[in-house]
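Quick notes on the structure that follows.
The values are calculated or read from the model by the stated rules, or taken from the named source; none is laboratory data. These numbers were taken from a predicted model, which means no experiment stands behind them. Here the Cβ is made from the backbone with ideal geometry for all residues, glycine too, and neighbour counts use every protein chain on show. Only protein heavy atoms, including side chains, enter the accessible area calculation; ligands, DNA and RNA are left aside. Shrake-Rupley method; radii C 1.70, N 1.55, O 1.52, S 1.80 Å.
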Amino acid sequence: MRLTSNLRGPGSRKREMLYNVVQSILVYGAPIWHGGTEQQRNRKMLIRVASAYRTVSTRALQVITGIIPIELIIEERQILYHREDGSTEAAKREERENTIQKWQDIWNQTEDVAQWTKQLIPQVDDWLKCRHRKTDYYLSQILTGHGSFTAYTNRIGKTDSDACRYCSGIDTTAHTLFECPRWQIERNRVNAVIGSDLSTENIVRFMLQDEKRLANNIHIH
Ligand SMILES: [Zn+2]
């Protein structure tokens, strides 16, 4: 398996914009989309936009990038097409809200993959509303758990062990962020900056709230 991290390349906003262009083309070509190749192309794009590892599930990628699942966009356009007032802003707004709700339902029902991402981002609409939402290589590793963590590299067969190299724990994303004694000093600094203990429930909020300040304090390598 090849691991491409997309470290280089255009900024994530630009990639998101490019992605939207491609998505429009896919939507307008909806009848041909249902074949496997288009789906694979769609997935590749999501991986690019998220700067994520190739093993991340499509469901997680969609939420992280904030890019609505293409099947829901297609459905939304069909509904608007059949509505008499389908071209009005009010109808578009209403159907977009319905679409986000459907997306949330899918996210809630996602049980086999993306469980870590789901813990960090339980509410799709909150995440979408976040002004500072962005994705880069490091944030993606944290949000997906796929990255420089031996629990992950062991799972995909890249390393023989899932043990943390600094302590007797298992090296998951949560272990590095919240538990490993190796990072206690850094963790204390972060906790001092945010005024509370970093946790699964609050980490995304804090990361987005004061990105620059936190970036200077968190070192995960
Ligand atoms: Zn450790």
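Structure data summary
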read-out	value
Ranked packing of 39-51, 108-120, most packed first, by mean Cβ within 10 Å	39-51, 108-120
Rounded D (µm²/s) - the range 148-215, Kirkwood Rh over Cα pairs, Stokes-Einstein at 25 °C, 0.890 mPa s	189 µm²/s
Ranking by accessible area, most exposed first, for 81, 137 with a 1.4 Å probe	81, 137
Net charge, residue 108 excluded, C-beta distance under 15 Å - Lys, Arg +1, Asp, Glu -1	-2
Neighbourhood net charge (10 Å Cβ-Cβ; Lys/Arg +1, Asp/Glu -1) for residue 153	-1
Under 5 Å, built H, 5+ apart or other chain: amide partners of residue 170	164
Distance between modelled label sites at residue 163 and residue 88, nm, 7 Å Cα→Cβ extension	6.7 nm
Fraction of accessible area attributable to carbon and sulfur, the range 148-215 (%, probe 1.4 Å)	49 percent
Tail weight of P(r) past 26 Å, computed on alpha-carbon pairs of the range 77-218, percent	39 percent
